Structures are given as structure tokens and as C-alpha cells.
Amino acid sequence: MKSQSDHEEIEPLAIIRQFNTDHIKYLLIGSMALSMHSAPFGSADWDFWIDVSDRKKVYLILEKFRLSGDYEAAEKKPLVTFTNDDYFKLDVFFVKAFSNRNKGITLAFKDVIERAVIKKDPKGDFFVRVPAIDDLLSMLKIIEHPSLQHSKHIEYLEALRKQSQARKAK
């Protein structure tokens, strides 16, 4: 794999391609996952939910892209943020499940990845794995005190889900 030079811009798609090549069990989550479902939202950072068994492989991949993280290899932090010197930010969640006991919501990685949607580039071999709309909605609803942005994301996904259900009913 070609590493990023000090002067090259980080290409998130190259990271995803490497995850695919190395068979990393991952999901693109957050605003970028919403954009994969045609949402008019984007973000400057990238968020991934990765199977805890792939932690060490992910560390090695991201080091090859010259990203530094706030971790020690032996630590089992649930969230590690990776950055470079040019404002690129990538958050990686290494958890078996997201949950909010107060709201009675739990999402297990193994279940969400089984229901995941694979978005493919129709002109190439690139693909990315994102949670299904219902799972993205649940992830947002887990947040105890959603921001205005999160509330807008929920509203958009609920409308998208209704459209999808209406199409299926026809």
C-alpha cells in the first residue's frame, strides 16, 4: 500500500478502500453515512464503528496514512480520534454496542453490520458499508441530549423512511 507523503492530502476513500482490502469489519457512521443515503448533510470529519477484534489492524492501517491517534496500543478505549497536521479528523468507535438505558435502545455491532447497506460506485470497484436507515435513526436517538443538527438528521431520516415505506406499499 502506498503511504501518504507529508504533503499529500488524506483521501478518506483510500482509507475505506484499505479497510475493504484488509477485510476490516466496519461501518461508516455519522453525517457522512447520512450523505450516503442522499441526505443533504456533510461533515469535515469521518466517523467509523469498527469491530473490536479489528482494533490492531486499524491502528496499523491508519499509521500508514500518517494519522496519529490518542491511544496506547494496549488500551481498549471505546473512541479513538485520529488526526493529521492538516485538520483531517477521523473518529473510530471500538464498541460492541451503542446503548442508552434511559431510552431503552441498544444497537449491537453484529446486528447492525448484518443489516448494513453497501453503497457501490457504479463505475468502479469501490464500496462502503453504512448502517440501514432504521439503524442510523436509532443511533441518533441513543444520544441523550441531541443537538439541533442531530434533530435535523432524525427528521430527515424519518421522512426518508416514510418515503421508502410508501414505495414498498405500492
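Would you confirm whether or not the range 39-46 contains a residue that is at pLDDT 95 or above, within 27 Å of residue 150 (Cα to Cα) and surrounded by 18 or more Cβ atoms within 10 Å (Cβ to Cβ)? Before you say what the answer is, go through the steps one by one.
Within the range 39-46, the first condition is being at pLDDT 95 or above, and the residues that meet it are none.
No: zero hits.
Among the residues of the range 31-85, what is the count of those that are out of contact with any strand residue (DSSP E or B) (no Cβ under 6 Å at 6 or more places or on another chain), assigned to a helix (DSSP H, G or I) and not acidic (Asp, Glu)?
Here the count works out to 12.
Look through the range 69-105, keep the residues that are within 18 Å of the chain's Cα centre (by Cα) and among the small types (Gly, Ala, Ser), and return whichever of them is nearest to residue 129 (Cα to Cα).
Kept after step one, since they are within 18 Å of the chain's Cα centre (by Cα), are these residues of the range 69-105: 69, 77-83, 88-99.
This time we only want the ones that are among the small types (Gly, Ala, Ser), so: 69, 97, 99.
On the way: 69: 23, 97: 17, 99: 21 Å.
In this case the residue turns out to be 97.
Of (1) surrounded by fewer than 16 Cβ atoms within 10 Å (Cβ to Cβ); (2) over 18 Å from the mean Cα position of the chain (by Cα), residue 108 satisfies all except one. Which?
The number of the failed condition is (2).
Among residues belonging to the range 118-138 that are in contact (Cβ under 8 Å) with a residue 24 or more places away in the chain and in a strand (DSSP E or B), point out the one that is surrounded by the fewest Cβ atoms within 10 Å (Cβ to Cβ). Don't jump to the end; show me each part of the working.
Of the range 118-138, the ones in contact (Cβ under 8 Å) with a residue 24 or more places away in the chain are 119, 126-131, 133-138.
Cutting the leftovers down to in a strand (DSSP E or B) gives us 119, 127-130.
Details: 119: 15, 127: 12, 128: 22, 129: 22, 130: 23.
Looking at the filtered set, the residue picked out is 127.
Considering only residues that are surrounded by fewer than 16 Cβ atoms within 10 Å (Cβ to Cβ) and of a type in the set (Ser, Thr, Tyr), which ones fall in the range 82-102?
87, 99
Mind checking whether some residue in the range 135-149 is among the polar types (S, T, N, Q) and more than 26 Å from residue 51 (Cα to Cα)?
Yes.
Considering only residues that are modelled with pLDDT of 95 or more and aromatic (Phe, Trp, Tyr), look in the range 47-76 and name the one that is nearest to residue 98 (Cα to Cα).
Looking at residues that are modelled with pLDDT of 95 or more and aromatic (Phe, Trp, Tyr), I get 49.
The values are calculated or read from the model by the stated rules, or taken from the named source; none is laboratory data. Keep in mind it's a predicted model, so treat the numbers as computed, not measured. Here Cβ is always computed from backbone atoms with ideal geometry, including for glycine, and neighbour counts include all displayed protein chains.
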